[in-house]
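Read the structure below first, then the notes.
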Amino acid sequence: MALKSTIYKAQLNIADMDRDYYADHVLTLACHPSETEERLMVRVLAFAMYADEQLQFTRGLSSEDEPDLWRKDLTGAVEHWIELGMPDETRIRKGCHRAQQVTIFTYGDYAPPVWWEKLRGSVQRFDNLNVLHIDGATSAALAATAARGMELQVSIQDGTIWFSAGDSPIEV
């Protein structure tokens, strides 16, 4: 028997002073059985950083043709392709050819630097690629905020992100 996804609901309040974006989002997130809460919360962080009315979660781990999040224009063309983890070169190339902007979020301490050194030379040619890394302590702190029902506040100013689920904010 196949395991079912766990559903998480989040009320996300975003105050992004860098982009002048202020909004509340109600998110329903399916956490695939093979997905960790750490990865789930990095997805929420990625959403908060690039929040937009057109940004949406995709089938993610259930689909090889879609990233974890994307923003499409009204014609269906992909404007922003957002991946989590350490995709291979083929997947990065696919995203860079399909979207105007590609962002990859890596997290953890040991594997991402090795992954990046291996791929850097072959993907540097993509001007629309941006790779962001979240250290292991920060991603673990984000994971600790995960709950089936969450009220989250995210403030972004001068490139610093304050992610809060209650009393203790996390600086990203």
**Asked** Can you name the strands (runs of 3 or more DSSP E) wholly within the range 39-100 that have at least 1 residues being over 18 Å from V26 (Cα atoms) and in contact with a strand residue (DSSP E or B) (Cβ under 7 Å, 6 or more places away or on another chain)?
**Response** 69-72, 78-84
**Failed criterion for V114 (all others in (1) part of a strand (DSSP E or B); (2) free of Cβ contacts under 8 Å to residues at least 24 places away in the same chain; (3) of a type in the set (A, V, I, L, M) hold)** = (1)
**Asked** Restricting attention to the range 119-152, which residues are in a strand (DSSP E or B) and under 16 Å from the mean Cα position of the chain (by Cα)?
**Response** L129, N130, V131, L132, H133, I134, L152
**In the range 106-125, residue modelled with the highest pLDDT [restricted to those that are in contact with a Gly (Cβ under 8 Å, 6 or more places away or on another chain) and open to solvent by less than 30 Å² (accessible area, probe 1.4 Å)]** = T106
**Request:** Output the number of the condition that E89 fails; it satisfies all remaining conditions of (1) open to solvent by less than 20 Å² (accessible area, probe 1.4 Å); (2) charged (D, E, K, R); (3) under 28 Å from P113 (Cβ atoms).
**Result:** (1)
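Residues are listed down the side, and each one gets a yes or a no for (1) crowded, with 20+ Cβ neighbours inside 10 Å; (2) in contact with a Ser or Thr (Cβ under 6 Å, 6 or more places away or on another chain):
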residue: H80; (1), (2): yes, no
residue: N130; (1), (2): no, yes
residue: R148; (1), (2): no, no
residue: Q153; (1), (2): no, yes
**Asked** For the range 25-37, does any single residue satisfy the condition of being in contact (Cβ under 8 Å) with a residue 40 or more places away in the chain, open to solvent by 30 Å² or more (accessible area, probe 1.4 Å) and not in a strand (DSSP E or B)?
**Response** yes
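The values are calculated or read from the model by the stated rules, or taken from the named source; none is laboratory data. As the structure is a prediction and not an experimental result, all values here were calculated from the model. Note that each Cβ is placed from the backbone with ideal geometry, even for glycine, and that neighbours are counted across all protein chains shown. We work out accessible area using only protein heavy atoms, side chains counted, and drop any ligands, DNA or RNA first. Shrake-Rupley method; radii C 1.70, N 1.55, O 1.52, S 1.80 Å.
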